[in-house]
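K.L.:
Right, I'll just put the structure down here and ask away after.
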Amino acid sequence: MTQFVLAVVLGLLFALGTFLVLRKDLVRVVWGLTIMSQTANVYLVTMGGLTGGVPIISGHGGQGTEVTDPLVQALVLTAIVIGFGTTAFALGLSYRVYQTNETIDLTEVRG
Amino acid sequence: MTTDHDTTVIARTVARVVFPIIVVTAIALLLQGHNLPGGGFIAGTLTAAAVGLVYVIYGLDHLEQELLGRPPSVPFTDEAGITREYGSLVTTGLALAAGGGAVAILFGDAFLTQAVWFFEHVPVYGEFEVASALAFDLGVYAVVVGALLTILAVVGAE
Amino acid sequence: MQPTAGIILAVVALPFLGAAAVPLLYRVIGERTAYFAAAVAAACFALIATQFGAEGAISVRWIPALDVSLSLYVDGLALLIGFLASGVGVLIFTYSGGYMHNEPGKPRYYATLLAFMGAMLGIAFAADLIALFVFWELTSVASFILIGHYRDESGQYAARKSMFVTVSGGLFMLIGFLLLHWVALDVASVESAFRLAGEGSMLASADAMQTALREQGLLVPVLLLIGIGAAAKSAQVPLHIWLPDAMEAPTPVSAFLHSATMVKAGVYLVGRMRPLLVTDEWVLLFALLGLVTMTITAMLAVTASDIKELLAYSTASHLGLIVAGYGIASSADAHIGLLGAETGAFHVLNHALFKATLFLVAGIIAHEAGTRAIEELGGLSDDLPLTAGITVVAALGMAGVPPFNGFYSKEFLFDATYELAAHDGGLWWLLPVVAVFGSIFTFLYSIRFLMLFFGEKPEELGHVHEPPWSMRGPPLLLAVGAGIVGLGGITATAGFHLPIEEFVGRIVESSLPAGEEAHFSYHIPTTLSPPVLMSGVTVAVGAVAYPFYDGIRDGLRAVRDLGPLRPNWYYNGATALMDTNEIGPQIHNGLLRTYALWFLGGTSALALAGYVAATVSIPTFSGLTVTIPLGIVLVVAIIGAAAVTGAPSHVAGVLTLSILGFMVAIFYILADAPDLALTQLVIETLVLVIFLLVIDKLPAFYGGSKRWMLVRDGAASLAVGTTVMVTVLLSTARTPGVPSYLDHSLKSFFIERAPPPPEHGSFIIDSGGGHNIVNVILVDFRAFDTLGEISVVAMAALSIVTLIAMQQRGEI
């Protein structure tokens, strides 16, 4: 059963992401967020089931072989692009934090 | 990354060759997206990556100086710079996607209803298919390209 | 007559649309926005007038699939509040055109005031509890903004206080509503359990609801909860403390929100709920609450040193009178209940007429004389003859002197309290006594206000100018209205009845049990009866006591200033305590780590608790088998992520982060998702570039953490990871069922409809017509979602530009 392996791997990835988010170095926090969002994407694709073929059908509707769930792929496709947007935004924010506070140590910039 | 003139000749030559190939690939992906892997999101990110390559290899100002033949705009001033053009690309994309969807309302269908036309007996092609969704996908493409390049340009200019 | 759905909807929607247009309009027409707002209010008034005489519910289907609809209800009470909100609105906006001439923040002022009017109309016509609650809280928000209009220290304190009291009162009310809903679910004749009025609603089966409430033991809790909501909004003791402070608002706002309309929402609720909840407990609660409020706040009004403060306390006092009226009923004698409802309904109208007038007069005085201190004012009738005339009508109405309008409704109150006491005896005799006692103070402060215009004029006051007509017209119109109501009593005595009686009769019926009719009529008493005697005592004692006004005031002030007797003492003490205690900084310590820990830990705990509560079973373990390519990808991904965690420098971390990203891309290939793989690859490259760009500018910082911190964070991370693992196991083990509105699963729907059908013409619209199902979903089936998502991408770009570029230009 592939799902057990995937469950363990996703759990581990999320744990590592969480660990990074709890650091006081702002850049590491952003890494943590990136890992978490990628893990979430992988999780969604896993939910669609890994059995089945590429969701591209050469024939007409209702025929052909079993394919993987196309809906989760559509969800994740946009999520990847938006994920880039949020990562870039987080980096921009980090840069602003550095400009304003002259440090990226989160224990020192507490407001 | 304002003007990195320390990139090697190899990198510059490769970039020059690769850039058009990536862009053509991106456009192909955009057009075939309805039936084969591809679509607005993928094509958009690929195009942005191509321009990003030029930014990395030649520096930010190259695009405006060499390709558009005008003095590079000072970032974030009120004069129209390249970021403003990216901004209008985003606006155009959103308008295209939403406006295309609104056309359906004129025909009494729900907002964003898409239609497909089939043209039989087209020379060379045989059956040829045009989906109104292509307009929507173009909108997506424009938004993604515009937004990603805005981000790259703004962050890169720092 | 059945109400017209379109018109009532337009009435509620128009003010909000007007409010949205104000900021733009103000740039074009400037000060004249006041008249635009007045026109909107006038349009609403005219639209409501077309519905005069209508009664019944309308409902507009909103989400038909889920049977959600917006339902509105029209009857006498709703029309009254509607007329007050829009009618007084017209006058207030016109008056504001003059009053706000040199004031700051006019676009915000007019927009908020219009939105408030819409919310108030929403309260008036709402037929279900949720809509009522939403509009209710909207008025609190509008009030908050308007009280804080001048943005000074005292204004902010007042705005916070009113928000705190009225919004938290609203939350009590919400719980009461939810309890009602819960009870209504079991009552067979209630079709829609949130519907308050109209067919198949709670009010339509009030008896069944009351029996059910009593059986469940929820009658008293519901009464108390709704009572707290109404008392907070209508400034009943001890929740009245926000109203005097609310006088920080510009005077037109005080006249509109804090006398004629918003504070009426509370008494409206009492009047509306009356047929549903009227019982012996109801009488005990509201009759007492109302009379106590009426008396205490009347005494406080006497202690006031500022004319607006006097009017504020007086408002609370009169609202108490209305609540007391609605509170009085008797299960044995329907006539007592009728008298109570007549008191409430009639006084809502009368109070709005004379109190809004007096507030506008106070605005004129403050504007023209430059002071609001009672001590510094006097003899204004020489300079302001018209305003003095207006004040005579309004203040004598407030005092309850015949034949002015307030007299009649107070007479109904005296009658109701007397009848109740005569019927039930015992301690109930306190009611008429308290009513008379409170009314004496009402008389005193009313005369004191009137005397601002008569007697000696203080030297330092100088010449007071008449205000512009835009400020004199509105109070004049209101006073004429009050005068007509007063005249109605005289003509009725002579046998000629004004249509006002018919109108008030309809309002009364809204608060009576279904089916009962009110033949409302009022007139100057011609025979000596107990209520007449009570009025006589009030006026006589008041007149005798007036010469000793200053002494009474000083005595009351001494009592008022005893700390523990003042609700404000508790309020200020409690808020000060919250400011200083140690809990706040502990929770809100400014460390991202703390917030993240609480958020992730809380989410995990909730999720796990949910699984336990639902007693889900984890699928049986069947070994860690996996295909070789997938295994390699996953192992490399883990190694990559672990390497990121332990990266010695930023650059090394970013490079290892992209190992993870590329592994995810390969995972997508193995998972048969070519579109995702392509996108992920390209995005990963871009992420790498942008990370390197930014990190180049940031300092190399690798803060070493203490060992115990690493252990603690590691434990927390493992807990989160375990939750994720369990969630993945549980959710992948199941496939989503078929939704009730489809005859096959979503997945097969998409697979079937995405490609072009086998037989098709040259034009198709009902299927996707593409072979790449993922893309067809994005651009066709779920195109609306995609539109939203590209908007998010655009927003992200915009935020980054704002964040970095605008700072460069020194704008933020």
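The values are calculated or read from the model by the stated rules, or taken from the named source; none is laboratory data. Since this is a predicted model, take the numbers as computed values, not measurements. Methodologically, a virtual Cβ is constructed for each residue, glycine included, from the backbone with ideal geometry; neighbour enumeration extends over all protein chains shown.
K.L.:
If only one of A:Leu6, A:Leu13 is farther than 30 Å from C:Val776 by Cβ, aliphatic (A, V, I, L, M) and either at the interface with another protein chain (Cβ under 7 Å from one of its Cβ atoms) or not in a helix (DSSP H, G or I) (or both), which one is it?
P.N.:
The conditions single out A:Leu13.
K.L.:
Could you pull out the residue among C:Leu132, C:Leu113 that is within 20 Å of C:Tyr35 (Cα to Cα), of a type outside the set (Phe, Trp, Tyr) and in contact (Cβ under 8 Å) with a residue 24 or more places away in the chain?
P.N.:
One residue alone meets the criteria, C:Leu113.
K.L.:
Taking the conditions exactly as written (more than 18 Å from C:Asn350 (Cβ to Cβ), touching a Leu at 6+ places or on another chain (Cβ under 7 Å) and either crowded, with 24+ Cβ neighbours inside 10 Å or free of Cβ contacts under 8 Å to residues at least 60 places away in the same chain (or both)), does C:Ala421 satisfy them or not?
P.N.:
Spelling it out, C:Ala421 is indeed more than 18 Å from C:Asn350 (Cβ to Cβ), touching a Leu at 6+ places or on another chain (Cβ under 7 Å) and either crowded, with 24+ Cβ neighbours inside 10 Å or free of Cβ contacts under 8 Å to residues at least 60 places away in the same chain (or both).
K.L.:
Taking the conditions exactly as written (in contact with a helix residue (DSSP H, G or I) (Cβ under 7 Å, 6 or more places away or on another chain), part of a loop (DSSP other than H, G, I, E, B) and not hydroxyl-bearing (Ser, Thr, Tyr)), does A:Val109 satisfy them or not?
P.N.:
So A:Val109 passes the test.
K.L.:
Quick check, is C:Ala719 more than 7 Å from every other protein chain (Cβ to nearest Cβ), under 30 Å from C:Ala797 (Cα atoms) and touching a residue at least 40 places away in the same chain (Cβ under 8 Å)?
P.N.:
For C:Ala719, the condition - more than 7 Å from every other protein chain (Cβ to nearest Cβ), under 30 Å from C:Ala797 (Cα atoms) and touching a residue at least 40 places away in the same chain (Cβ under 8 Å) - is not met.
K.L.:
Hey, can you tell me all the residues within the stretch C:647-663 that are within 18 Å of A:Thr18 (Cβ to Cβ) and within 52 Å of the chain's Cα centre (by Cα)?
P.N.:
C:Gly653, C:Leu657, C:Leu660
K.L.:
Considering only the stretch B:80-98, state which residues are at pLDDT below 70 and either within 12 Å of chain C (Cβ to nearest Cβ) or closer than 14 Å to B:Ala157 by Cβ (or both).
P.N.:
none
K.L.:
Output the number of the condition that A:Ala40 fails; it satisfies all remaining conditions of (1) facing another protein chain (nearest Cβ under 7 Å); (2) without any contact (Cβ under 8 Å) to a residue 60 or more places away in the chain; (3) within 15 Å of the chain's Cα centre (by Cα).
P.N.:
(1)
K.L.:
In the set C:Ala665, C:Ala642, which member is closer than 21 Å to C:Asn775 by Cβ, touching a helix residue (DSSP H, G or I) at 6+ places or on another chain (Cβ under 8 Å) and among the small types (Gly, Ala, Ser)? So that I can check it myself, show each step before the final result.
P.N.:
On the way: C:Ala642 fails: closer than 21 Å to C:Asn775 by Cβ.
Among C:Ala665, C:Ala642, only C:Ala665 is closer than 21 Å to C:Asn775 by Cβ, touching a helix residue (DSSP H, G or I) at 6+ places or on another chain (Cβ under 8 Å) and among the small types (Gly, Ala, Ser).
K.L.:
Here's a follow-up. Which numbered condition trips up B:Val56, out of (1) within 20 Å of A:Val81 (Cα to Cα); (2) facing chain C (nearest Cβ under 9 Å); (3) among the aliphatic types (A, V, I, L, M)?
P.N.:
B:Val56 satisfies all of (1) within 20 Å of A:Val81 (Cα to Cα); (2) facing chain C (nearest Cβ under 9 Å); (3) among the aliphatic types (A, V, I, L, M) except (1).
K.L.:
Then there is this: Return a yes/no flag: does the stretch C:131-138 have any residue that is out of contact with any Lys or Arg (no Cβ under 9 Å at 6 or more places or on another chain), assigned by TED's automatic domain parsing to the domain that holds C:Leu223 and of a type in the set (D, E, K, R). Reasoning before the result, please.
P.N.:
Taking the stretch C:131-138 first, the residues out of contact with any Lys or Arg (no Cβ under 9 Å at 6 or more places or on another chain) are C:131, C:133-135, C:137-138.
Narrowing the set further to residues that are assigned by TED's automatic domain parsing to the domain that holds C:Leu223 leaves none.
No.
K.L.:
For A:Leu77, are the conditions met, namely being at the interface with chain C (Cβ under 7 Å from one of its Cβ atoms) and either touching a residue at least 60 places away in the same chain (Cβ under 8 Å) or surrounded by 24 or more Cβ atoms within 10 Å (Cβ to Cβ) (or both)?
P.N.:
For A:Leu77, the condition - at the interface with chain C (Cβ under 7 Å from one of its Cβ atoms) and either touching a residue at least 60 places away in the same chain (Cβ under 8 Å) or surrounded by 24 or more Cβ atoms within 10 Å (Cβ to Cβ) (or both) - is met.
K.L.:
Would you point out which residue out of B:Val103, B:Val144 is facing chain C (nearest Cβ under 7 Å), at pLDDT 80 or above and not in a loop (DSSP other than H, G, I, E, B)?
P.N.:
After applying the criteria, what remains is B:Val144.
K.L.:
While we're looking at this one, here's another question. For C:Leu452, only one of the following conditions fails: (1) buried (at least 21 other Cβ atoms within 10 Å of the Cβ); (2) within 32 Å of the chain's Cα centre (by Cα). What is its number?
P.N.:
So the condition that C:Leu452 fails would be (2).
K.L.:
Next up: Among the listed residues C:Ala558, C:Ala494, C:Ala545, which satisfies the condition of being surrounded by fewer than 18 Cβ atoms within 10 Å (Cβ to Cβ), under 38 Å from the mean Cα position of the chain (by Cα) and of a type in the set (Gly, Ala, Ser)?
P.N.:
Of C:Ala558, C:Ala494, C:Ala545, the one residue that is surrounded by fewer than 18 Cβ atoms within 10 Å (Cβ to Cβ), under 38 Å from the mean Cα position of the chain (by Cα) and of a type in the set (Gly, Ala, Ser) is C:Ala558.
K.L.:
With in contact with a Lys or Arg (Cβ under 9 Å, 6 or more places away or on another chain) and of a type outside the set (Gly, Ala, Ser) as the only criterion, which of C:Arg506, C:Arg472, C:Arg448 stands out?
P.N.:
C:Arg448 is the lone residue from the list that is in contact with a Lys or Arg (Cβ under 9 Å, 6 or more places away or on another chain) and of a type outside the set (Gly, Ala, Ser).
K.L.:
Given the residues C:Ser259, C:Ser330, which is the only one that is closer than 16 Å to C:Ser409 by Cβ, touching a His at 6+ places or on another chain (Cβ under 8 Å) and at pLDDT below 90?
P.N.:
C:Ser259
Quick grid of which residues meet (1) acidic (Asp, Glu); (2) closer than 27 Å to C:Phe503 by Cα; (3) surrounded by fewer than 16 Cβ atoms within 10 Å (Cβ to Cβ); (4) modelled with pLDDT under 90:
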{"site": "C:Leu14", "(1), (2), (3), (4)": "no, yes, no, no"}
{"site": "C:Tyr26", "(1), (2), (3), (4)": "no, no, no, no"}
{"site": "C:Ala43", "(1), (2), (3), (4)": "no, yes, no, no"}
{"site": "C:Ala49", "(1), (2), (3), (4)": "no, yes, yes, no"}
{"site": "C:Ser71", "(1), (2), (3), (4)": "no, yes, no, yes"}
{"site": "C:Leu77", "(1), (2), (3), (4)": "no, yes, no, no"}
{"site": "C:Phe93", "(1), (2), (3), (4)": "no, yes, no, no"}
{"site": "C:Ala111", "(1), (2), (3), (4)": "no, no, no, no"}
{"site": "C:Leu114", "(1), (2), (3), (4)": "no, yes, no, no"}
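K.L.:
Name the pairs whose Cβ atoms lie under 6 Å apart, with the first residue in the stretch C:554-568 and assigned by TED's automatic domain parsing to the domain that holds C:Met299 and within 18 Å of C:Ala298 (Cβ to Cβ), the second in a loop (DSSP other than H, G, I, E, B) and of a type in the set (S, T, N, Q), and 6 or more positions between them or separate chains?
P.N.:
Final answer for the pair search is none.
K.L.:
Further, regarding this structure: Given the conditions (1) more than 22 Å from C:Val635 (Cα to Cα); (2) in a helix (DSSP H, G or I); (3) at the interface with another protein chain (Cβ under 7 Å from one of its Cβ atoms), report the number of the one that A:Ser58 does not fulfil.
P.N.:
A:Ser58 satisfies every listed condition except (2).
K.L.:
Still on this model: Going by the conditions given, is C:Val626 facing another protein chain (nearest Cβ under 7 Å), more than 18 Å from A:Val21 (Cα to Cα) and out of contact with any Leu (no Cβ under 7 Å at 6 or more places or on another chain)?
P.N.:
Details: facing another protein chain (nearest Cβ under 7 Å): yes; more than 18 Å from A:Val21 (Cα to Cα): yes; out of contact with any Leu (no Cβ under 7 Å at 6 or more places or on another chain): yes.
Taking the combined requirement at face value, the residue satisfies it.
K.L.:
Further question: Mind listing whichever residues of the stretch A:80-106 are among the aliphatic types (A, V, I, L, M), assigned to a helix (DSSP H, G or I), touching a residue at least 12 places away in the same chain (Cβ under 8 Å) and facing chain C (nearest Cβ under 7 Å)?
P.N.:
Residues of the stretch A:80-106 among the aliphatic types (A, V, I, L, M): A:80-82, A:88, A:90-91, A:93, A:97, A:104, A:106.
Narrowing the set further to residues that are assigned to a helix (DSSP H, G or I) leaves A:80-82, A:88, A:90-91, A:93, A:97.
Add one more test, that the residue is touching a residue at least 12 places away in the same chain (Cβ under 8 Å), and what stays is A:80, A:90-91, A:97.
Matches in the stretch A:80-106: A:Ile80, A:Leu91.
K.L.:
Among the candidates C:Thr603, C:Thr620, which residue alone is assigned to a helix (DSSP H, G or I) and either charged (D, E, K, R) or away from chain B (no Cβ under 12 Å) (or both)?
P.N.:
Answer to the selection: C:Thr603.
K.L.:
Which one of these is farther than 30 Å from C:Phe441 by Cα, part of a helix (DSSP H, G or I), modelled with pLDDT of 80 or more and among the charged types (D, E, K, R): C:Arg593, C:Arg557, C:Arg553?
P.N.:
Just one listed residue meets the conditions, C:Arg593.
K.L.:
Right, something else. Please determine whether any residue of the stretch C:114-122 is in contact with a His (Cβ under 7 Å, 6 or more places away or on another chain) and either under 23 Å from C:Leu218 (Cβ atoms) or not assigned by TED's automatic domain parsing to the domain that holds C:Gly229 (or both).
P.N.:
Looking for residues that are in contact with a His (Cβ under 7 Å, 6 or more places away or on another chain) and either under 23 Å from C:Leu218 (Cβ atoms) or not assigned by TED's automatic domain parsing to the domain that holds C:Gly229 (or both), one finds none in the stretch C:114-122, hence no.
K.L.:
Can you find even one residue in the stretch C:502-509 that is in contact with a helix residue (DSSP H, G or I) (Cβ under 7 Å, 6 or more places away or on another chain), of a type outside the set (Asp, Glu) and loosely packed, with under 14 Cβ neighbours inside 10 Å?
P.N.:
no
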